[in-house]
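Data block below; observations after.
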Amino acid sequence: MNEPSPSSIARKPSWIRSRLPGGPAFAEVRNIVENNRLHTVCQSAECPNMGECWARGTATFMILGNVCTRACGFCAVATGRPTELDLDEPRRVAQAVALMKLRHCVITSVNRDELLEGGAGVWAATIRAVKEASPKTSLETLTGDFKGKKELLFQVLEARPDVYNHNLETVERMSRAVRPQASYERSLQVLAWAAQEGAVTKSGMMLGIGERKPEISQSLRRLHDAGVQILTLGQYLQPGRQYLPVDRWVTPEEFAEWKAFATDLGFTSVSSGPMVRSSYHADESVKLVPGFEGVSLKH
Ligand code: SF4
């Protein structure tokens with residue numbers, strides 16, 4: 001493989017495009033988020049798709065506060081020692097989901113490693129509150145690894161999210177640099193436990209952060225073996241100077257090749273493209289899973 005020159009990395013290729021924020025649906029999402037004093041990963045992680053997703057009338061709520069106890073090398077969410085545990089947050093998330101009339105909704109969280117139960121109780125309360133307020137809404141949860149504590153993961157699964165998502169993020173060799181407080185094997189174990197419990201399981205990886213092609217295929221095999229059904233692959237974008245640099249720009253053609261590879265492996269649904277993120281068009285990804293055919297973004 002040819003090594004890209006630093007100047008070719010600094011220039012974003014033409015296929016990395018963001019829609020400018022704006023429009024009535026965008027404003028409505030922003031009002032609902034602000035009025036309910038909620039956080040979204042769209043804002044906190046500076047997601048490049050915010051203009052597009054919010055204009056579709058959706059957002060990904062981020063619970064357990066806005067400060068993460070981990071310091072991943074790719075993630076723009078603020079790191080530190082959180083001070084709040086907002087027990088009213090589940091109610092407000094449920095209210096926002098109902099106001100947005102979401103038929104499929106995605107919720108994620110920061111890691112709360114300082115809490116004995118890692119925030120699993122708030123996770124379970126949020127799932128239950130959303131299901132009670134919006135019984136026809138399918139709910140996708142994107143959680144951390146709960147330090148590999150099975151009983152905490154099961155607290156979340158017992159609240160019965162419709163899709164359980166935990167991102168592997170990168171290949172084994174890059175894991176320490178990308179997620180110093182997580183582990184490749186632990187993430188695969190968490191996903192395997194969720195799949196063994198019968199959850200529809202989803203995971204994703206960023207490409208272009210330093211991995212090589214044989215490592216990608218090995219990771220996709222491991223994810224499939226763990227029981228993951230829904231896969232997302234997207235281009236890593238460096239959120240600021242202090243984060244890991246982009247190693248290469250993966251072309252749309254290569255993303256299409258990985259989609260074909262993963263589909264051949266047996267994943268039920270594969271979203272693979274430069275701008276794909278875990279929650280990007282999640283309603284469309286889940287539609288391909290048996291039992292979810294009727295899912296749409298809104299009621
Ligand atoms: S891709 Fe996900 S995180 Fe990004 S703007 Fe869309 S919903 Fe938010």
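Derivation of every value follows stated rules applied to the coordinates shown; laboratory data play no part. None of the values given here were measured: they were computed from a predicted structure. Using ideal geometry, Cβ is built from the backbone for each residue, glycine included, and neighbour counts are taken over all protein chains shown.
A few notes on this one:
- About its Cα centre, the dipole of the chain is roughly 400 debye, where the only charges are +1 on Lys and Arg Cβ and -1 on Asp and Glu Cβ.
- Where only C-alpha atoms are counted, convex hull volume of region 235-295 per residue in Å³: 96
- Of D247, D145, D88, the one that fluctuates the most in a GNM where the chain has Cα springs shorter than 10 Å: D88
- Within a Gaussian network of the chain (alpha carbon springs, distance under 10 Å), most fluctuating of D283, D162, D225: D225
- Mean separation of Cα contacts under 8 Å, 6 or more apart, over the residue count of region 100-178: relative contact order %: 34
- Neighbour counting of Cβ atoms within 10 Å sorts the residues Y184, Y236, fewest neighbours leading, into Y184, Y236.
- DSSP bridge orientation in region 20-286 - percent antiparallel, rounded to nearest 5: 5
- Computed over region 70-139, the P(r) tail beyond 14 angstrom holds 62 percent of alpha carbon pairs.
- Three-way shape label, region 196-299, alpha-carbon gyration tensor, a/c 1.5: prolate
- Stokes-Einstein D (µm²/s) once Rh is taken as the Kirkwood radius of region 1-153 over alpha-carbon pairs, at 4 °C in 1.567 mPa s: 77
- Reducing region 213-285 and region 72-96 to their Cα centroids gives an inter-centroid distance of 26 Å.
- Here the Gaussian network model covers the chain, with springs between Cα atoms less than 10 Å apart; of T137, T263, T201, T263 fluctuates the most.
- With helices as the sole contributors, the chain gives -10500 deg cm²/dmol at 222 nm; each DSSP H run of n ≥ 4 counts as -39500 (n - 2.57), and the sum is divided by every residue.
- Of the trypsin sites (Lys or Arg not before Pro) found in region 81-124, the ones in coil according to DSSP and having at most 14 other Cβ atoms within 10 Å of their Cβ are K101.
- Relative contact order computed over the chain (Cα-Cα under 8 Å; 6+ residues apart), in percent: 16
- Rounded to whole Å, the principal axis extents of the Cα atoms in the chain read 53, 43, 42, largest first.
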